[in-house]
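Only the coordinates and a few stated rules stand behind these numbers; no lab work does. Predicted model only: the values in this text are computed from it and were never measured. Glycine gets a Cβ as well: all are built from the backbone with ideal geometry, and neighbour counts include every protein chain shown.
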Amino acid sequence: MKILVTGSTGHLGEALMRTLPLSGYEAEGADIRESSYTRHIGSIADREFVRRCMAGVDAVMHTATLHKPHVVTHSRQEFVDVNITGTLNLLEEAVAARVHAFIYTSTTSAFGAALTSARGQAAAWITEDVVPIPRNIYGVTKLAAENLCELFHSKFSLPCLVLRTSRFFPEQDDDAALRAAYEDANLKANEFLHRRVEIEDVVSAHLLALEKAQSLAFGRYIISATTPFIPADCGELGRNAPAVVARRVPAYLDAYTRRKWKMFPSIDRVYDNRRARTDLGWQPRYDFQWVIDRLRDSNQFRSALALAVGSKGYHPERFGEELYPVE
């Protein structure tokens, strides 16, 4: 089976290109940037380019996108061109090529304002049934692309699965206040409780989606590390997250104390991956308990695949003293 991977120079695209051949698939990468994993170089906003890429393809894994850190450096029109028009081009050509499956990589950022509660209030428990309220052009365009996938499934019976991934990037956080308050490894470890996923688990979810697309036909799935929390914890998480974490993962206290790490005082949302585990048969390996187990021997809790892919960055330049542009 021949798979077209868009965004093959990016984090997830490269991870998929590394992994697909090991699972018996033929993979071809497409990206606007060159890399050793990219055969087709061009923009998915170009319909003719997309048509050439689709020749002989059996399935599409569409990871190419403009991301949240691009909101300041790219125009809203560019977001529409890449995230909406690019997805439409791929869907149109996928139907014309009669591909067997279309896997779209979306984002939990599409939930937008539905994600957060006010400080001290109960954390939001986020499932696929939560209605998104996008707060920027990134969220608007990702949600619109999801809806295009659903339209093409209903109109053309194209099997489409949408995977809403949480954070898996190795780069530092784009929030300067968080960077100042926490060591980077500390911050990322905390996030495995409620809003982070390891790239190796993201890849395994995509491979399962590819296998299950025909039988499931259409669906949206949250792809995030399995949380140790339950919905009944949400009230206390908003007021005193460390107490809840100590109750659910007691070993964290010693690991954090030895490193002088800090837990978030409160947690505003928790992603629930239950539907992906049930429908896809997904069994994510990396969670907060796994991080704590690794911290007994090392500060390194990234997967071998994450280390191989490395850091990509979102911009080639710095912005004065800032890592990211500020509006």
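A few comments on the model shown:
- Condition check for Ala209: in contact with a Leu (Cβ under 7 Å, 6 or more places away or on another chain), crowded, with 21+ Cβ neighbours inside 10 Å and within 30 Å of Val5 (Cα to Cα): yes
- Residue match in segment 119-128 (condition: out of contact with any helix residue (DSSP H, G or I) (no Cβ under 7 Å at 6 or more places or on another chain) and in a strand (DSSP E or B)): yes
- Residues being within 23 Å of Gly310 (Cα to Cα) and buried (at least 24 other Cβ atoms within 10 Å of the Cβ) - total across segment 35-55: 0
- Cβ-Cβ distances below 7 Å connect the following pairs, each with a first residue in segment 51-75 that is on the phi > 0 side of the Ramachandran plot, a second residue that is outside any helix (DSSP H, G or I) and surrounded by fewer than 19 Cβ atoms within 10 Å (Cβ to Cβ), and a separation of six or more residues or different chains: Gly56/Lys2.
- Flag if Asn190 is surrounded by fewer than 19 Cβ atoms within 10 Å (Cβ to Cβ) and assigned to a helix (DSSP H, G or I): no
- Counted residues, segment 113-131 - those being under 30 Å from Ser75 (Cβ atoms) and surrounded by fewer than 20 Cβ atoms within 10 Å (Cβ to Cβ): 5
- Taken over segment 135-172, the criterion of being part of a loop (DSSP other than H, G, I, E, B), farther than 23 Å from Phe192 by Cα and either touching a strand residue (DSSP E or B) at 6+ places or on another chain (Cβ under 7 Å) or charged (D, E, K, R) (or both) is satisfied by Arg135, Leu158, Pro159.
- In summary, helices (runs of 4 or more DSSP H) completely within segment 233-312 and bearing 3 or more residues that are in contact with a strand residue (DSSP E or B) (Cβ under 9 Å, 6 or more places away or on another chain), touching a residue at least 12 places away in the same chain (Cβ under 8 Å) and charged (D, E, K, R) occur at 274-279.
- Residue within segment 163-172 that is more than 13 Å from Phe301 (Cβ to Cβ) and among the acidic types (Asp, Glu) present: yes
- Boolean, Phe102 is touching a residue at least 12 places away in the same chain (Cβ under 8 Å), aromatic (Phe, Trp, Tyr) and under 23 Å from Asp175 (Cβ atoms): no
For (1) closer than 30 Å to Ser311 by Cβ; (2) within 15 Å of the chain's Cα centre (by Cα), each residue gets a yes or a no:
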{"residue": "Arg76", "(1), (2)": "yes, no"}
{"residue": "Asn89", "(1), (2)": "yes, no"}
{"residue": "Phe111", "(1), (2)": "yes, yes"}
{"residue": "Ile137", "(1), (2)": "yes, no"}
{"residue": "Pro159", "(1), (2)": "no, no"}
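- Number of residues in segment 5-34 that are touching a residue at least 40 places away in the same chain (Cβ under 8 Å), charged (D, E, K, R) and surrounded by fewer than 20 Cβ atoms within 10 Å (Cβ to Cβ): the value is 1.
- Scanning segment 211-223 for any residue that is of a type in the set (Ser, Thr, Tyr), touching a helix residue (DSSP H, G or I) at 6+ places or on another chain (Cβ under 9 Å), under 21 Å from Trp282 (Cβ atoms) and in a helix (DSSP H, G or I) turns up nothing.
- Of Gly24, Gly29, Gly7, Gly13, all but one fail to be at positive phi and in contact with a strand residue (DSSP E or B) (Cβ under 8 Å, 6 or more places away or on another chain); the exception is Gly7.
- Any hit, segment 63-74, residues being buried (at least 24 other Cβ atoms within 10 Å of the Cβ), within 19 Å of Ser311 (Cβ to Cβ) and of a type in the set (A, V, I, L, M): yes
- Taken over segment 291-316, the residue count meeting the criterion of being crowded, with 17+ Cβ neighbours inside 10 Å and closer than 29 Å to Ala232 by Cα is 4.
- The lone criterion from (1) over 18 Å from Arg195 (Cα atoms); (2) of a type outside the set (S, T, N, Q); (3) free of Cβ contacts under 8 Å to residues at least 24 places away in the same chain left unmet by Asp129 is number (1).
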